[in-house]
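**Student:** Provided herewith is a single structure, encoded as structure tokens, for subsequent inquiry.
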Amino acid sequence: GKLLRVAAIPGDGIGKEVMPEGLRVVQAAATRFDIDLSVEHIEWASCDYYAATGSMMPSNWKSQLQSMDAIYFGAVGWPATVPDHISLWGSLLKFRREFDQYINLRPVRLFEGVPCPLSNRKPGDINYFVVRENTEGEYTNLGGVMYPGTDREIVIQESVYSRYGADRVLKYAFELAAGRERKHLTVATKSNGIAISMPWWDSRADAVGDNYPTVAVDKQHIDILSARFVLQPGRFDVVVASNLFGDILSDLGPATTGTIGLAPSANLNPERNFPSLFEPVHGSAPDIYGKGIANPIAMIWSGALMLDFLGHRQAHDAILRAIEAVLRDGPHTPDLGGKASTEQIGRAIEQLVLEGTASS
Ligand code: NAD
Ligand code: IPM
Ligand code: MN
């Protein structure tokens with residue numbers, strides 16, 4: 001088949017620990033399914049690189065990545081040495097913008113074998129997608145501090161929503177919902193308090209939704225929606241949200257499924273004008289870095305999403321079956337109450353992918 005070129009960017013902290021396990025499993029799937037894969041290992045887009053050079057990335061970063069089929073990304077951030085807004089706007093947030101990865105697709109699923117912090121929930125009860133707008137909204141640098149250092153100090157930071165930007169993420173979410181069994185879409189807004197942009201967002205959902213008569217739409221204010229993630233997770237099938245609301249929901253959702261160490265994400269440019277980026281939802285976890293105990297499954301599942309997006313559904317499915325088996329039978333990392341290391345989990349999943357004996 002066609003050669004797939006993937007840029008591997010581990011970044012910082014546990015990004016550097018989970019990346020080798022992600023690659024191990026992606027390579028195993030490539031071997032088993034005869035996928036011609038070449039991985040380019042990239043040291044920049046990290047706080048180490050920043051410490052050495054004074055910037056997060058080389059000036060030709062875009063041309064280096066543009067021709068790749070995908071970017072496989074660990075996590076960036078080492079706040080002890082580089083302020084988070086510098087490291088993140090200098091790497092990940094730049095990729096999302098400049099490669100127009102306007103969909104951030106984040107599955108939330110309760111697995112067999114994983115203790116659920118909510119009472120009386122079993123696998124199957126929690127199974128939804130957060131579709132997060134990924135290029136605009138609350139994430140802007142429009143604004144500033146006025147009269148700094150005085151007691152009249154004022155800070156303003158704008159949110160920006162475009163019809164183009166809202167409609168395309170809504171369309172993606174409706175399409176996703178229309179293709180699912182339940183055909184249910186929750187629209188996260190806050191149209192009581194945020195009285196300009198959020199009623200507008202609801203009206204765009206109505207307009208786009210006119211083309212999807214089979215999809216049931218449930219508009220919810222973000223506050224009660226968050227409560228229902230905890231109290232009634234079975235209500236949700238596909239949830240579409242602005243950038244910041246989607247960010248928050250996509251940590252909360254995985255928390256209700258036992259650990260954020262499982263949660264993957266796909267930062268997609270669906271038109272494929274630019275490479276898409278696949279990464280765990282979690283960050284660099286400085287508090288556990290260096291111990292070899294980070295859960296690599298979010299990274300590994302993100303690798304499966306990458307292979308699926310690149311046209312290898314079978315490879316995706318094989319990895320998912322292997323993840324399911326390891327979550328069900330062990331071993332487990334400490335975030336799931338176990339004693340296994342990051343590498344042991346990676347090797348266990350690799351083995352099952354190579355053998356192809358895992359069943360769902
Ligand atoms: P975090 O996700 O790094 O960690 C939050 C908590 O979850 C920590 O207690 C951590 O130990 C735990 N955790 C996270 N991933 C885990 C895993 N795979 N296995 C086991 N436990 C895990 O969030 P934070 O502490 O807010 O941020 C730390 C740094 O990461 C900051 O610099 C932040 O900006 C950055 N960050 C980066 C990304 C990204 O690159 N996509 C995402 C979130 C945060
Ligand atoms: C995420 C992260 C990033 C975000 C941070 C690190 C800028 O939390 O991918 O969820 O807010 O998008
Ligand atoms: Mn986040």
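**Student:** Given the conditions (1) within 16 Å of ligand 1 (Cβ to nearest atom); (2) of a type in the set (A, V, I, L, M, F, W, C); (3) assigned to a helix (DSSP H, G or I), and given that F278 satisfies all but one, which numbered condition is not satisfied?
**Tutor:** For F278, the failing item is (3).
**Student:** Another question, then. Kindly state which strands (runs of 3 or more DSSP E) lie completely within segment 112-165 and contain at least 1 residues that are out of contact with any Asp or Glu (no Cβ under 7 Å at 6 or more places or on another chain) and touching a residue at least 60 places away in the same chain (Cβ under 8 Å).
**Tutor:** Correct list: 127-133.
**Student:** Next question, about the same structure. Restricting to helices (runs of 4 or more DSSP H) lying wholly in segment 40-110: which have 2 or more residues that are modelled with pLDDT of 95 or more and touching a Ser or Thr at 6+ places or on another chain (Cβ under 9 Å)?
**Tutor:** Filter on segment 40-110 gives 47-53, 92-98.
Here's the yes/no breakdown for (1) within 15 Å of ligand 3 (Cβ to nearest atom); (2) in contact with an Asp or Glu (Cβ under 8 Å, 6 or more places away or on another chain):
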{"residue": "N243", "(1), (2)": "yes, yes"}
{"residue": "D247", "(1), (2)": "yes, no"}
{"residue": "D251", "(1), (2)": "yes, no"}
{"residue": "T257", "(1), (2)": "no, no"}
{"residue": "L268", "(1), (2)": "no, no"}
{"residue": "N273", "(1), (2)": "no, yes"}
{"residue": "E279", "(1), (2)": "yes, no"}
{"residue": "G283", "(1), (2)": "yes, no"}
{"residue": "Y289", "(1), (2)": "no, yes"}
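**Student:** L170 - would you say it is farther than 25 Å from G283 by Cα and either within 16 Å of ligand 3 (Cβ to nearest atom) or assigned to a helix (DSSP H, G or I) (or both)?
**Tutor:** So L170 fits the description; yes.
**Student:** While we're looking at this one, here's another question. So P20 fits all but one of (1) more than 21 Å from A263 (Cβ to Cβ); (2) surrounded by fewer than 18 Cβ atoms within 10 Å (Cβ to Cβ); (3) more than 16 Å from ligand 3 (Cβ to nearest atom); what number is the exception?
**Tutor:** Checking P20 against (1) more than 21 Å from A263 (Cβ to Cβ); (2) surrounded by fewer than 18 Cβ atoms within 10 Å (Cβ to Cβ); (3) more than 16 Å from ligand 3 (Cβ to nearest atom), the one that fails is (1).
**Student:** Just to verify a result, which residue in segment 65-86, among those that are away from ligand 3 (no atom under 16 Å from the Cβ) and closer than 24 Å to E21 by Cα, is surrounded by the fewest Cβ atoms within 10 Å (Cβ to Cβ)?
**Tutor:** In this case the residue turns out to be D69.
**Student:** Out of the residues in segment 244-269 that are within 11 Å of ligand 2 (Cβ to nearest atom) and aliphatic (A, V, I, L, M), which is nearest to D100 (Cα to Cα)?
**Tutor:** Looking at the filtered set, the residue picked out is L244.
The values are calculated or read from the model by the stated rules, or taken from the named source; none is laboratory data. Quantities reported herein were computed from a predicted structural model and do not represent experimental measurements. Here the Cβ is made from the backbone with ideal geometry for all residues, glycine too, and neighbour counts use every protein chain on show.
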